[in-house]
1. Would you please give the FRET efficiency between S45 and L118, computed as 1/(1 + (r/R0)^6) with r the Cβ-Cβ distance and R0 = 45 Å, to the nearest 0.05?
2. May I ask for the longest run of the chain untouched by trypsin sites (Lys or Arg not before Pro) that are loop-located per DSSP and have at most 13 neighbouring C-beta atoms (other than their own) within 10 Å?
3. Sequence-distant or interchain residues sharing an amide H contact under 5 Å with A84, placed H: which?
4. Quick one: length gained pulling Q65 to A200 fully straight, 0.36 nm per residue minus the C-alpha distance?
5. For the chain, what does the helix formula give at 222 nm: sum of -39500 (n - 2.57) over DSSP H segments with n ≥ 4, over the residue count, nearest 500 deg cm²/dmol?
6. On full extension of the chain, what length is gained from E245 through D163, given 0.36 nm per residue of separation minus the C-alpha to C-alpha distance?
7. Could you work out the relative contact order of segment 32-81? I mean the mean sequence separation of Cα pairs under 8 Å and 6+ apart, divided by the number of residues, in percent.
8. So, in the chain, how many Lys pairs have Cα atoms under 16 Å apart, if the pair is 8 or more places apart or on different chains?
Amino acid sequence: MPADRPISELFAQGRPLRSIEFFPPKDAAGVEALRQTATALRRISPDFVSVTYGAGGSTRERTAQVSAMLREDFGLTVMPHLTAVNHTREEIAAIADAHHQRGIRNIMALRGDVPKELTATTAFKDGLRFGCDVVALLKDLHPDICLGVGGYPEKHPEAPTLDADLANLRRKVEAGGSFITTQLFFDNTVYHRFVDRCRAAGITVPIVPGIMPVLSLKQIKRITGLCGASLPAQLVKRLEVAGDEPEVIETIGIDWALTQIRDLLARGAPGYHLYILNRAKSALILAAGLAA
Ligand SMILES: Cc1cc2nc3c(=O)[nH]c(=O)nc-3n(C[C@H](O)[C@H](O)[C@H](O)COP(=O)(O)OP(=O)(O)OC[C@H]3O[C@@H](n4cnc5c(N)ncnc54)[C@H](O)[C@@H]3O)c2cc1C
């Protein structure tokens, strides 16, 4: 099997890219469900898929196995995530070498969050303190691997100001990040303002909006609480009206995401990245709704 194309080359084609994020399942039943999702998604041919990594190394093997499965059994261009927290440089190098050997040429390079059982002083090893350190290490090890980095339109929760966060984002790009995928957001003005501020700060790489179709009000309140994204009052009202009707909530979530994506693409976003929690349905409906 030939090596993957770097995603930066796909962006250079100037068409919007569609990408989908998976997480590595915990058991065989989850893997089977993921296989079914990947089979269903064949119809819409995502430009690439990504596979998350459990900060601290908790999914080290599973992220690699699922990435290999999606690439080899489904012919997908796969971008495994890699978080540096709790890893030495040697461990990061071993993971990156294994991906490279399998033909993977794209990695989402992240710092990760400190796991509960560790502290900031024990979690960061060998000077791998921030995303820019991980990017620099990976770029040094494998210059032919295209690196994506995370961006936070509503500011990373630890950053004192958005300007400080943007200066740090710029560091990641200068260290070798080829594109930015954003944290999820539900209000497009947040993304458009972020892109304007990035451009003004001299960050010129593609900024891919991260979109999550809502599946439940409780779940989305928990997720936004953790990542610091805001929930528009109108979306909350709609979800409250839907009450405990999962199908109605799903319809509202997909409708909101579709409206977001249409506006983003119309205003020049370089594609969209879907956080679908390993379920095919929303991605298929969104692709159908966006078909010309
Ligand atoms: C697209 C995307 C995918 C993700 N996938 C995963 C995943 O698979 N697994 C997972 O565990 N987590 C994932 N996360 C979450 C991510 O790991 C956390 O948000 C983490 O806290 C930040 O990682 P980072 O590399 O983006 O941060 P960094 O860029 O390191 O930033 C973290 C904080 O440090 C500050 N900072 C950065 N550089 C400097 C510097 N040089 N000096 C001072 N301050 C600095 C920043 O402003 C920010 O406040 C993902 C996030 C995104 C947006």
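Throughout, read-outs are computed from the coordinates displayed, never taken from laboratory work. Given the structure is predicted, the values throughout are model-derived calculations rather than measurements. Neighbour counts are summed over all protein chains in view; Cβ atoms, including those assigned to glycine, are modelled from backbone coordinates with ideal geometry.
1. According to the calculation, E is roughly 0.65.
2. Free of exposed loop sites, the longest segment is 117-266.
3. Placed amide hydrogens put L110, R111, G112 under 5 Å from A84.
4. Gain on stretching Q65 to A200: 44.6 nm.
5. Computed mean residue ellipticity for the chain: -15000 deg cm²/dmol.
6. Additional length available on full extension: 25.4 nm.
7. 44 percent
8. Lysine pairs satisfying the spacing and distance rule in the chain number 4.
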